Amino acid sequence: MTAGLRVYAAHAAFIATFLGLWEYGARTEFLPQLFFGSPAGIVAYLWDGFAVSKKIWLDLGYTVSGTLISFVLGATLAMALGLAFVILPKLEQAMDPYLMVLNAMPRIALAPLFLLWFGLGIGSKIAIGTSLSFFIVLANTVAGVRGVSPDHITLSRSLGASPSQIFFKVTLPSAVPVIFSGLRLALIFSMLGVIGGEIIAAEHGLGQVLSYQQATFNMNGVMGLLALLACLGMLVTRGMSRLERALLKWQ
Amino acid sequence: MAAIEIERLTVRFGDVLAVDDVSIQIEEGEFVSIVGPSGCGKTTLLNLLTGLLPLESGGISILGKRPFAGNPEVAYMLARDSLLPWRSTLANASYGLEIRGVAKELREAKARQLLARVGLADFERHWPKQLSHGMRQRAALARTFCLDSPVMLMDEPFGALDAQTKLQLEDLLLELWNAERRTVVFITHDLGEAVALSDRVIVMSARPGRIVKQMPIDLPRPRSVRALQKSHEFHDIYSDLWEALEAGMKGAPAMIE
């Protein structure tokens, strides 16, 4: 058995033991199902949601599309503004105090306002998600652009590079890795914003279902959805890492 | 006409006198090294020649023109390799030509030729992070020699290398230079390197930077840096210059004849 395989086997054994004890506790009512649910119940809930009544798919679709739209919107706006700051340093000076106040505010506290403005539907969730992803990408874009090596600038200037050549051939490519690590974080935070919004008030979405299951004391539903959200988060991070590796082979 | 003329150059940074009344004439095809302790204004001098630093007092002309950033007659090589990490070795070697607007096919052909000469023919698709320090500096040499500028300014290009790699690259530089004999201004704080490479060595003092000694190096060419290190002549010149350098470290004495 190789070392890698042994690690997997150890994990599998641990998880099986954990779930087994949980299930045993639930059946003997040592662990009240009202608070903890049971592994069998969770599987049954997810099976029903995905394969029998197929109700989860719609909510999953709402959450995923809300997340992606917030991410793309927030990231695009932030990168555009961040790059505009490079070209117009005065704009950054002028906007800096306002951005700082907005960024310092816990964005989820804006949810009630966004719900009023954009309604119970996906619009308000996108607004919250965007407000989170925007600032992360903005900070990383600015940091990335600032982190450009002075040697590269000196060399390019000595060769007679124009400001736009320096921007496209030096500044921008050197900022890409930092921007990318911001993007990865922004995707997670977009999801956080959307689910937070759904928990507060929504018609659809995994957050809304979670809140409903909790209110009706269906712990199998709550636990099942938590597991689903964890998987979703992992999938998103993995995907971004793959993309990053493919795009940034030189790193 | 001299390739480079520096006349009565004085540089101040605020209240600090960095370079004091320096005049240097460099002939076309001459390889001149400038040595001196750190802070003697060597790099300042080079930045003035590249036009990256504005000239305030005194006169500098390069092939009859005042220095300006982007002068096509000047190729600049920095202390660190400054390869762009997101570009392959080939794209790095041709970067200078790219900025100067040379068409892709032409610049890549020229870069391939230079990469072959510096021994990196098999590495044109590699990323800089995959190259050793020595190889990276070879790539930077290729990038510099790709430019057909008649004047080359080098700011301690081998300063960060280990002793053995440094010897190899010094010989490589001599080989490349010997084929074309362009005008070179080479900044270093390694006296041995200066003697081995140059036609003339200029010793500068600690701040304020003044010329302490100028010495022609009449060693026969083509040279081999490794062979030179065994020669008596080399060591005589070295110890002569070392005295001047030592005197200069204490401040700025009058010119030693």
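Just so you know, all these numbers are worked out from the coordinates, no wet-lab data involved. Source: prediction; values computed, not measured. Virtual Cβ from ideal backbone geometry, glycine too; neighbours counted across all protein chains shown.
Using a Förster distance of 35 angstrom, determine the FRET efficiency expected from the C-beta separation of B:Glu105 and B:Ala160, and round it to 0.05.
It comes out at approximately 0.55.
Residues whose amide H lies under 5 Å from that of B:Lys213, counting only those 5 or more places away or on a different chain, are B:Val203; hydrogens are built 1.01 Å from N in the peptide plane. The alpha-carbon of A:Lys55 sits under 20 angstrom from the alpha-carbons of these aspartates and glutamates, leaving out residues fewer than 8 places away in its chain: A:Glu198, A:Glu203. Relative to the Cα centre, the charge distribution of chain A, modelled as +1 at Lys and Arg Cβ and -1 at Asp and Glu Cβ, gives a dipole magnitude of about 700 debye. Phi angles across region B:210-218 convert, under the Karplus curve 6.51 cos²θ - 1.76 cosθ + 1.60 with θ = phi - 60°, into 3J(HN,Hα) values of 10, 7, 8, 7, 10, 9, x, 10, 8 Hz, Gly and Pro given as x.
Taking amide H positions as modeled 1.01 Å from N, with prolines and chain starts lacking one, the residues under 5 Å from B:Phe31 and 5 or more places away or on another chain are B:Val184, B:Asp199, B:Arg200. Estimated at 0.36 nm per residue, the fully extended path between B:Ser132 and B:Glu233 surpasses their Cα-Cα distance by 33.0 nm. Remark: spin-label model distance A:Ser162-A:Ala16 equals 6.8 nm, labels positioned 7 Å along the Cα→Cβ axis. If a/c stays under 1.5 just call it rounded; otherwise compare a/b with b/c (prolate if a/b is bigger, oblate if not). Do that for chain A, with a ≥ b ≥ c from the square roots of the Cα gyration tensor eigenvalues. Oblate, because a/c is 1.5 or more while a/b does not exceed b/c. Compared with the direct C-alpha span, the chain from A:Arg242 to A:Val7 gains 82.3 nm at full extension, assuming 0.36 nm per residue.
Between region B:146-186 and region A:184-251, what is the C-alpha centre distance in whole Å? Here the two parts' Cα centres lie 57 Å apart.
Summing Cβ point charges (Lys, Arg +1; Asp, Glu -1) relative to the Cα centre of the protein assembly as shown gives a dipole of roughly 1480 debye. Principal-axis analysis of the Cα atoms of chain A puts helix A:219-247 at an angle of about 30° to the longest axis. Dipole magnitude for region B:116-171: computed about the Cα centre from +1 point charges on Lys and Arg Cβ and -1 point charges on Asp and Glu Cβ, it is near 240 debye. Segment A:Ser53..A:Gln33, full-extension length gain: 4.9 nm, with 0.36 nm per residue of separation and the alpha-carbon distance subtracted. Rounded to the nearest 500, the helix-only mean residue ellipticity at 222 nm of chain A stands at -26500 deg cm²/dmol, with each DSSP H run of n ≥ 4 adding -39,500 (n - 2.57).
Projecting the Cα atoms of B:Phe123, B:Leu228, B:Met204 onto the dipole axis of chain B, where Lys and Arg carry +1 and Asp and Glu carry -1 at the beta carbon, places B:Phe123 farthest toward the positive end. For region A:5-11, putting each phi into the Karplus relation 6.51 cos²θ - 1.76 cosθ + 1.60 with θ = phi - 60° gives couplings of 5, 5, 4, 4, 4, 5, 4 Hz, in residue order, rounded to whole numbers and with x for Gly and Pro.
Highest average first, the peptides B:196-209, A:143-156, A:125-138, A:13-26 ordered by how many other beta carbon atoms sit within 10 Å of their residues are A:125-138, B:196-209, A:143-156, A:13-26. In order along region A:52-63, the Karplus-derived 3J(HN,Hα) couplings, from 6.51 cos²θ - 1.76 cosθ + 1.60 at θ = phi - 60°, round to 9, 7, 6, 6, 5, 3, 4, 5, 4, x, 4, 5 Hz, and Gly and Pro are given as x. Checking the cross-link pairs B:Lys110/B:Lys166; B:Lys129/B:Lys166; B:Lys110/B:Lys230 against a 27 Å limit on the alpha carbon distance flags B:Lys110/B:Lys230 as lying beyond it.
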